[in-house]
Amino acid sequence: MRTAIFAYSRQGCRTAKKIASVLHNDNTELYTMEKYLEEGFAPVTKPSSELYGSLFSGCERLIFVGSCGIAVRHIAPFVKDKRTDPAVLCVDELGKFVISLLSGHIGGANELALMLADEIDAVPVVTTATDINGKFSVDAWAAKQGFVIGNIKKAKSVSAAILEHTVPVSCAFPIIGAYPPGTEPGEEGDTGIVIDCFIREPFRETLRLIPKNVHLGIGCRRGTDKEKIEKVVRSVFADNNLDLRSVKCAASIDLKADEEGLLAFCREMDFPVSFYSADELNAVEGDFTPSSFVKSVTGVNNVCERSALLGADKLIIKKTAMDGVTVAAAAEYLEVRFG
């Protein structure tokens, strides 16, 4: 995790080094003004806005050792979206206070502030309403789990509702342990949370949290282009009410490892893709949709279902063939823990 720490005084540099030592992170960069440069620090070059802009977009965490005003002025031109902005913290130069300034939930600034304050014996300052009221921070939890937040505006609505009353949660997976403060199991109501890779909205306003636990299996004719593959995949997922954002990875047979259309589709969708041998696919146990033609060409009676199920637990979309493309999907077993 790339972290940039900025200091603006000699004392600030000492505090910055203390913070860096706590993070135990080789990917931590220290910056200061030229007149305070010492070993381990890089200069804040001019025009400084270029440096701050580059680090804002290129780092997961920015820590300013100085006043909040300094931090705000330097990040203001680059703040865009809570889903993508880095965690920004401000620490006074004596290390007395650690303030979560930006992206407290999704970016993890609140959690980092609490951890860092504990390590350097400082007072953490966290101001987000759900946190200070001891309620469930749905966006922070989802980000930590690696779940996709279906709609960020609905996440705000859910957070506001949790402060007023108990919000129902409908989960398609086993829940281990207690529900978090401000929530309860439920299937109806004005505002609620659904945790599922399938698309459903049982509440008047439904916040969908989408786990990335689906393996996509693909087969295709030689030379099938990216656009056709994408069209078929999107169509199959829509027909089965399965959210494409739930895909964790894609897979096919090794005969397709040089299939440019398939590779281009996976690159565009940011799907890691694996290719398996006929022996590996034949070893997968299950009840599959057979094809004598596919077996005569590949040595496997079904490519898409078997490749989807490798590393997953349950087939959730059986083989669907369309325009020379075959698609299947399987899901990993998932348990949900709020604690």
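Leaving out ligands and nucleic acids, and using a 1.4 Å probe, what accessible area per residue does the range 235-300 come to in Å²? Provide the component values of the computation, followed by the final result.
Working: 3500 Å² over 66 residues.
Per residue, the range 235-300 has an accessible area of 53 Å².
Taking the Cβ of Glu205 as the centre, find all other residues whose Cβ is under 10 Å away and add up their charges (Lys, Arg: +1; Asp, Glu: -1). Mind dumping the intermediate values first?
Working: positive: Lys153, Lys154, Arg204; negative: Asp190, Glu201.
For residues surrounding Glu205, the net value is +1.
Computed from backbone phi with θ = phi - 60° and the Karplus coefficients 6.51, -1.76 and 1.60, the 3J(HN,Hα) list for the range 262-270 is 5, 5, 5, 4, 5, 4, 5, 8, 6 Hz; x is used for glycine and proline. Against the empirical curve 2.2 N^0.38 Å, the C-alpha radius of gyration of the range 266-339 lands at a ratio of 1.23. On a per residue basis, the range 1-99 carries 51 Å² of accessible surface, using protein heavy atoms and a 1.4 Å probe. In order along the range 60-68, phi translates into HN-Hα couplings of 8, 9, 10, 10, 9, 9, x, 6, 4 Hz, rounded to whole numbers, per the Karplus curve 6.51 cos²θ - 1.76 cosθ + 1.60 with θ = phi - 60° and x for Gly and Pro.
Which of the residue pairs Lys154/Lys212; Lys153/Lys231; Lys17/Lys82 have a Cα-Cα distance greater than 22 Å in the structure shown? It would help to have the intermediate numbers written out before the result.
Values: Lys154/Lys212 20 Å; Lys153/Lys231 28 Å; Lys17/Lys82 28 Å.
Those over the limit are Lys153/Lys231; Lys17/Lys82.
Springs between Cα atoms under 10 Å define the GNM used for the chain, and in it the highest mean-square fluctuation of Leu112, Leu242, Leu255 occurs at Leu255.
What number, rounded to the nearest 500 deg cm²/dmol, is the helix-based mean residue ellipticity at 222 nm of the chain, given -39500 (n - 2.57) per DSSP H run of at least four residues and division by all its residues? Before the final figure, lay out each step's value.
Details: 12 runs with 112 residues, N = 339.
About -9500 deg cm²/dmol.
Relative protection proxy for 288-295, 143-150, from highest mean packing down: 143-150, 288-295 (other beta-carbon atoms within 10 angstrom). 3J(HN,Hα) couplings calculated from phi for the range 134-147 with the Karplus curve 6.51 cos²θ - 1.76 cosθ + 1.60 (θ = phi - 60°) are, in sequence order, x, 9, 6, 8, 5, 6, 5, 5, 4, 4, 5, 7, x, 7 Hz; Gly and Pro show x. Of the solvent-accessible surface of the range 32-111, computed with a 1.4 Å probe over protein heavy atoms with every protein chain present, carbon and sulfur atoms account for 54 percent.
Projected onto planes of every orientation and averaged, the convex hull of the alpha-carbon atoms in the chain covers 20.4 nm².
Taking Lys and Arg as +1 and Asp and Glu as -1, the other residues whose beta-carbon sits under 10 Å from that of Ser57 total 0. Applying a DSSP loop filter and a limit of 13 other Cβ atoms within 10 Å to the GluC sites (Glu not before Pro) in the range 235-301 leaves Glu285.
Across Ala76, Ala250, Ala140, mean-square fluctuation computed from a Gaussian network of the chain (C-alpha pairs under 10 Å connected) peaks at Ala76.
Quick check: convex hull over the Cα atoms of the range 2-107, volume per residue in Å³, rounded to an integer?
On the way: hull volume 9.6 nm³, N = 106.
Convex hull volume per residue, Cα atoms: 90 Å³.
The values are calculated or read from the model by the stated rules, or taken from the named source; none is laboratory data. Remember, it's a predicted structure, so these values are computed and weren't measured experimentally. All Cβ positions, glycine included, derive from the backbone under ideal geometry; neighbour counts span all protein chains shown. Just so you know, the surface numbers come from the protein's heavy atoms only, side chains and all, with ligands and any DNA or RNA stripped out. Shrake-Rupley method; radii C 1.70, N 1.55, O 1.52, S 1.80 Å.
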